[in-house]
1. Of G55, G80, G65, which residue is buried (at least 16 other Cβ atoms within 10 Å of the Cβ), of a type in the set (G, A, S) and without any contact (Cβ under 8 Å) to a residue 24 or more places away in the chain?
2. What is the number of the single condition among (1) in contact with a Ser or Thr (Cβ under 9 Å, 6 or more places away or on another chain); (2) surrounded by 13 or more Cβ atoms within 10 Å (Cβ to Cβ); (3) not basic (K, R) that I49 does not meet?
3. Checking V32 against (1) open to solvent by 70 Å² or more (accessible area, probe 1.4 Å); (2) in contact with a Cys (Cβ under 9 Å, 6 or more places away or on another chain), which single condition isn't satisfied?
4. Select from the range 1-20 the residues that are at pLDDT 95 or above and open to solvent by less than 70 Å² (accessible area, probe 1.4 Å) and list them in ascending order.
Amino acid sequence: WEADLDCSQHLSYFVDLALNNDFNVTMEATTVIQEMQAPFDAEELKKNIAKIEEGMKTYAKEDKGALLDQLLNILQTFAGN
């Protein structure tokens, strides 16, 4: 994100990074996603929102759960929810 690259075409990749790695990688992936520019494919957003909601069940009581909640809010904003 600091390189000012548009990673919008790789939303699912960064969501997977956030879900499947440690807190630090989750934080960086969330930051990259937050800086992405719309528009996004509605189906891709829906799929990634569902993945995050499922992942939050695992990490809800950890610091990573708070980051995933933030990421969920970002994607819901992208989706117009």
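The values are calculated or read from the model by the stated rules, or taken from the named source; none is laboratory data. Since we're looking at a predicted model, the values are computed, not measured. Virtual Cβ from ideal backbone geometry, glycine too; neighbours counted across all protein chains shown. Areas reflect the complete protein model, heavy atoms only, side chains present, ligands, DNA and RNA absent. Shrake-Rupley method; radii C 1.70, N 1.55, O 1.52, S 1.80 Å.
1. Numbers: G55 fails: without any contact (Cβ under 8 Å) to a residue 24 or more places away in the chain; G80 fails: buried (at least 16 other Cβ atoms within 10 Å of the Cβ).
Just a single option satisfies the conditions, and that option is G65.
2. That leaves (1) as the condition not met.
3. Result: V32 fails condition (1) only.
4. Result: L11, S12, F14, V15, D16, L17, A18, L19.
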